[in-house]
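Worksheet for the structure shown next.
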Amino acid sequence: MRSVPFTISSLYAGLGQCHGIVYDEGDYLRFEYQLKDSISGMIRSGVKQVRIPVQQIISVDLVKGWLGSIRAGVKIVLQGASLDSLKDLPGMSQGKIELCVSKANSSLAMEFVEGLHSV
């Protein structure tokens, strides 16, 4: 089972962040995440879990930085088949979610996206 740690920043007008891990479970993507405040990081939600059928994802892209650099990390961009597909994930906008992946985990992100494309 492939997995990638991710963050989603700038939630709630910059006052919140999301830290989590996405798992490829074959027919489903499982997201485990926790929300916390951006100011002190001391206010945290409980760990939440969302499972999304792979059938509900119409595209998965790996976005590198300027000139294809991974110096600052990469993003995994998921587009749902409808607005409803990714509604339970924080930071979803227009049926799309961007998962920021650190430079240290860029190779995991590349393998994750390639694995989803090969299915």
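Filter region 45-62 for residues that are exposed (fewer than 15 other Cβ atoms within 10 Å of the Cβ) and aliphatic (A, V, I, L, M); which is nearest to T7 (Cα to Cα)? Restricting to residues being exposed (fewer than 15 other Cβ atoms within 10 Å of the Cβ) and aliphatic (A, V, I, L, M), the top hit is V47.
Take region 24-44 and flag every residue that is farther than 18 Å from K87 by Cα and either among the hydrophobic types (A, V, I, L, M, F, W, C) or surrounded by 11 or more Cβ atoms within 10 Å (Cβ to Cβ) (or both). Correct list: D24, E25, K36, D37, S38, I39, M42, I43, R44.
For region 1-22, does any single residue satisfy the condition of being under 24 Å from S118 (Cα atoms), of a type in the set (A, V, I, L, M) and modelled with pLDDT under 95? Yes. Among the residues of region 30-55, which ones are among the hydroxyl-bearing types (S, T, Y) and in contact (Cβ under 8 Å) with a residue 24 or more places away in the chain? Hits for region 30-55 are Y33, S38. Any idea which residue in region 1-23 is nearest to G46 (Cα to Cα), counting only those that are crowded, with 19+ Cβ neighbours inside 10 Å and within 9 Å of the chain's Cα centre (by Cα)? Of everything passing the filter in region 1-23, G20 is nearest to G46 (Cα to Cα).
Restricting to region 56-98, count the residues that are assigned to a loop (DSSP other than H, G, I, E, B), small (G, A, S) and touching a strand residue (DSSP E or B) at 6+ places or on another chain (Cβ under 6 Å). Here the count works out to 4. Looking across region 64-77 at every residue that is in contact (Cβ under 8 Å) with a residue 24 or more places away in the chain and surrounded by 12 or more Cβ atoms within 10 Å (Cβ to Cβ), the one that is nearest to the chain's Cα centre (by Cα) is identified as I76. Among the residues of region 83-109, just one is within 27 Å of S69 (Cβ to Cβ) and touching a Ser or Thr at 6+ places or on another chain (Cβ under 7 Å), namely C100. Cβ separations smaller than 8 Å between residues 6+ apart or across chains give the following pairs from region 78-106 residues that are surrounded by 13 or more Cβ atoms within 10 Å (Cβ to Cβ) to residues that are hydroxyl-bearing (S, T, Y) and outside any strand (DSSP E or B): G95/S82; G95/S85.
Look at Q34 and say whether it is polar (S, T, N, Q), closer than 23 Å to M110 by Cβ, modelled with pLDDT of 95 or more and in a strand (DSSP E or B). No: the conditions fail for Q34.
Pairs are defined by a Cβ separation below 7 Å, a sequence spacing of at least 6 or placement on different chains, a first member in region 17-29 that is at positive phi, and a second member that is modelled with pLDDT under 95; no pair meets this definition.
The values are calculated or read from the model by the stated rules, or taken from the named source; none is laboratory data. From a predicted model like this one, the values you see are computed outputs, not experimental measurements. Counting neighbours? That spans all protein chains shown, and the Cβs are built from the backbone with ideal geometry, glycine included.
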